[in-house]
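Heads up, the thing below is written out as structure tokens.
The values are calculated or read from the model by the stated rules, or taken from the named source; none is laboratory data. The structure displayed is predicted, hence computed values, not measured ones. With ideal geometry, Cβ positions are generated from the backbone for all residues, glycine too; neighbour counts draw on all protein chains shown. These area figures cover heavy atoms from the full protein model, side chains too; ligands, DNA and RNA do not enter into them. Shrake-Rupley method; radii C 1.70, N 1.55, O 1.52, S 1.80 Å.
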Amino acid sequence: MGSLFAELARQASTNARREVETYAREIPEFAILDTNRRARAETLDYAVWLRRRTVELSPDNDELSDTDLDSITFMGEVRADAGMSPSSRQQVLHLHTALMLREINEAIEAQRGGGVEELMRMMSWFAPQGERGISAYRQGFVTVMRRRLPYVEQIDLLARSLLTGDPMAAELAAVTGTELPEFCAVTVIRAPDRPADDSALDLDIEILVKSHQVLVARSTENGERDGELIVLVPLPRDVAETTPAHSVPDLVATPVRDLARALGRPCAVGTAAAPVAELAGALDRARRVSRAAPLRPVSERLRPYTVADVFTEVAVADVPFVDDWLRDLVGRLEPGPDLLVTLDAYYRHDMHRGATAAALNVHTRTLDYRLRRVRELTGIDPGSTRGVRVLSSVVTRRLSGAWD
């Protein structure tokens with residue numbers, strides 16, 4: 001055995017203790033290692049074993065045996081059974097890899113820069129065998145999830161893995177029998193005042209997930225007041241590449257409408273499409289759109305909003321002084337008789353007086369009176385270019401609940 005490998009073998013116990021201390025310090029779920037001696041001893045034994053196997057196998061580029069991989073898989077099962085979250089699992093993998101590379105570097109430095117040939121041998125072993133070990137560790141997690149987690153939670157976890165680019169998505173897809181898509185429409189259904197623990201919704205979600213072949217994750221981004229459903233609808237390549245950004249395909253609108261209906265309360269819905277590798281950005285866009293979109297009761301005409309529908313309101317939300325100005329205009333309109341409702345109907349019917357009056361169930365003269373009243377209170381003609389730009393944003397911001 002060469003000097004690099006000898007140094008790593010000599011430091012195996014010390015390095016393993018440092019890894020355990022790092023986990024306890026940086027990962028909240030490992031804080032138990034400071035109080036539970038048995039858990040700490042088991043974690044330390046595993047860390048020492050893994051380092052010794054590395055030193056035994058890497059000099060001759062021998063692969064991890066099936067028994068080795070079974071041991072790594074078992075550790076993944078143990079930690080999943082203990083309730084470790086997927087985010088902590090990912091953090092463990094990152095920390096372990098970083099510490100192992102640091103230990104190799106320290107061993108090289110201890111040899112005063114020598115052992116280049118041994119370093120190359122070590123690194124040529126470390127990359128492929130490290131990947132095999134990580135895969136086995138993830139498989140342990142997946143085994144436990146298949147056994148312990150309800151189907152809806154498995155789908156939730158798969159959706160989150162895709163949204164964060166977690167490699168565990170492939171294993172979760174196998175567990176749930178899901179084919180990983182190339183493109184997705186990420187849709188956020190925002191339902192204020194929906195309790196975060198609305199467990200009665202699970203059965204509806206499971207039925208709709210299976211019937212529409214979509215993925216759904218729950219989110220409480222802003223706490224219980226702003227419960228969200230995040231829906232991932234797989235898109236065929238031709239649909240993803242040919243659908244204009246401002247359009248929403250029926251294969252997205254239909255499952256989203258059914259899920260919104262299951263919530264049983266007014267919703268605001270935003271959507272954005274992207275390749276799977278870019279879903280995190282699509283989620284951010286869809287969430288911004290949903291928060292700018294008006295809250296409406298679910299109907300057969302409900303469709304997700306795109307950024308093209310609310311681009312002004314999305315921008316206004318990030319400019320407080322403009323938002324305050326629009327809010328002041330709302331204050332002027334609220335004392336009037338149904339002025340905000342009238343403006344909402346007016347703009348949704350493309351300023352067609354007859355269609356607007358019919359929707360409001362009023363005479364066109366009543367509609368004309370209300371529009372004149374808006375002009376008197378705000379100094380802005382609702383039918384002018386300026387009126388459309390300003391007052392439509394006033395209405396949408398008010399209906400979104402942003403000022404509640």
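Solvent-accessible area per residue for segment 123-272 at a 1.4 Å probe radius, Å²?
Values: 6440 Å² over 150 residues.
It amounts to 43 Å² per residue over segment 123-272.
Net charge near R132, counting Lys/Arg +1 and Asp/Glu -1 over other residues with Cβ under 10 Å of its Cβ? Walk me through the intermediate numbers first.
Working: positive: none; negative: E63, D68, E131.
Within the 10 Å Cβ shell, the charges total -3.
Calculate what fraction, in whole %, of the accessible area of segment 138-195 sits on carbon and sulfur atoms when a 1.4 Å probe is rolled over the protein chains. Walk me through the numbers on the way to the answer.
On the way: 1150 of 2210 Å².
In segment 138-195, the share of accessible area belonging to carbon and sulfur is 52 percent.
Segment 246-273 to segment 291-361: how many Å between their Cα centroids?
Here the two parts' Cα centres lie 19 Å apart.
What order, most packed first, do the peptides 236-244, 157-165 have when packing is the mean number of other Cβ atoms within 10 Å of each residue?
Values: 236-244: 12.2, 157-165: 21.6.
For the peptides 236-244, 157-165, the packing ranking is 157-165, 236-244.
Can you work out the accessible area per residue across segment 288-404, with the rest of the protein chains kept in place, probe 1.4 Å, in square angstrom?
On the way: 6340 Å² over 117 residues.
Value for segment 288-404: 54 Å² per residue.
Out of the GluC sites (Glu not before Pro) in segment 278-326, which ones are loop residues according to DSSP with at most 10 other C-beta atoms within 10 Å?
Numbers: sites: E278, E300, E313; in loops: E300.
Filter output for segment 278-326: E300.
Please determine, in degrees from 0 to 90 and to the nearest 10, the orientation of helix 339-348 with respect to the longest principal axis defined by the Cα atoms of the chain, where the helix direction is its Cα long axis.
70 degrees
Round to the nearest 10 and report in Å² the accessible area of F74, as given by a 1.4 Å probe over the protein chains' heavy atoms.
Approximately 130 Å² for this residue.
Find out how many positive minus negative residues lie around V144, taking Lys and Arg as positive, Asp and Glu as negative, among other residues whose Cβ is under 13 Å from that of V144.
On the way: positive: R79, R89, R138, R146, R147, R148; negative: E77, D81, E153, E171.
Overall, the nearby charge balance is +2.
Between D404 and R265, with labels modelled 7 Å along Cα→Cβ, what's the label distance in nm to one decimal, could you check?
Going from the D404 label point to the R265 one covers 0.8 nm.
If I compute volume of the Cα convex hull per residue in Å³ from the structure I just sent, which labelled value in (1) 139; (2) 189; (3) 124 lines up?
Computing volume of the Cα convex hull per residue in Å³ and matching it to (1) 139; (2) 189; (3) 124 gives (2).
Note down the nm distance, to one decimal, between modelled labels 7 Å out along Cα→Cβ at I207 and at A315.
Rounded to a tenth, the inter-label distance reads 4.4 nm.
Just in segment 1-103: which GluC sites (Glu not before Pro) are loop by DSSP and have at most 15 other Cβ atoms within 10 Å? It would help to have the intermediate numbers written out before the result.
Numbers: sites: E7, E19, E21, E26, E29, E42, E56, E63, E77, E103; in loops: E63.
Sites meeting the loop and neighbour criteria: E63.
Just to confirm a number: summing +1 for Lys and Arg and -1 for Asp and Glu over residues other than G270 whose beta-carbon lies under 9 angstrom from that of G270, what do you get?
Numbers: positive: R190, R285, R287, R288, R291; negative: D309.
Net of charged neighbours comes to +4.
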